[in-house]
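The values are calculated or read from the model by the stated rules, or taken from the named source; none is laboratory data. What you see is a predicted model; the values in this text were computed from it and never measured. To get the accessible areas, we keep the full protein, side chains included, count just its heavy atoms, and leave off ligands, DNA and RNA. Shrake-Rupley method; radii C 1.70, N 1.55, O 1.52, S 1.80 Å.
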Amino acid sequence: MPDHLRAAADDGAIQAEVMAAIAVALGVDAPGVGVAVNRGAVLLAGEVAGAPDRGAAMMAAFSVPGVTTVHDAIHTVHVEAGEQTDVDISRSVRAAIAWATEEPDTVRAEISDHTVILTGTVRWDFERTALENSVRLVVGVD
């Protein structure tokens, strides 16, 4: 198979894996993100609800073997805090946690009336700080 056809086939497989990884990271918001791949370079475009979702999409793309670079052309759509439910906030908080720490399963978030309480452990203080700062940026968190 010629190199250009092999690269196109590899790009198709990478694109499918990146889309699947973003679907896991963002859940219902994943259809808002488009993925294009050219020789391992990934372009992400579309709209997400906030910075944590944007970061989660980027991390999901970088987690796929064969990805060499990721270009972020995602637009963040700002939603009024009153429109966010605790379910919306919990999804965004989970993405923020995944973005801010290497071991997201060690951190739990309790959300009630737009208030978030984080519990668990992280290995480094900078991860704790990154978690706090990321969660503060989630739209709708008081």
Solvent-accessible area per residue for the chain (1.4 angstrom probe, square angstrom): 57 Å²
Accessible area of Ile111 in the full protein assembly, 1.4 Å probe (Å², nearest 10): 40 Å²
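In whole percent, and with a 1.4 Å probe on the protein chains, what portion of the accessible area of the range 49-142 is carbon and sulfur? Walk me through the numbers on the way to the answer.
Numbers: 3070 of 5480 Å².
Within the range 49-142, the accessible surface is 56 percent carbon and sulfur.
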5 angstrom amide H check on Val70, placed H, neighbours 5+ away: Val42
Shape of the chain, Cα gyration tensor, a/c cut at 1.5: prolate
Placed amide H near Gly120: partners under 5 Å, 5+ positions off or other chain: Arg108
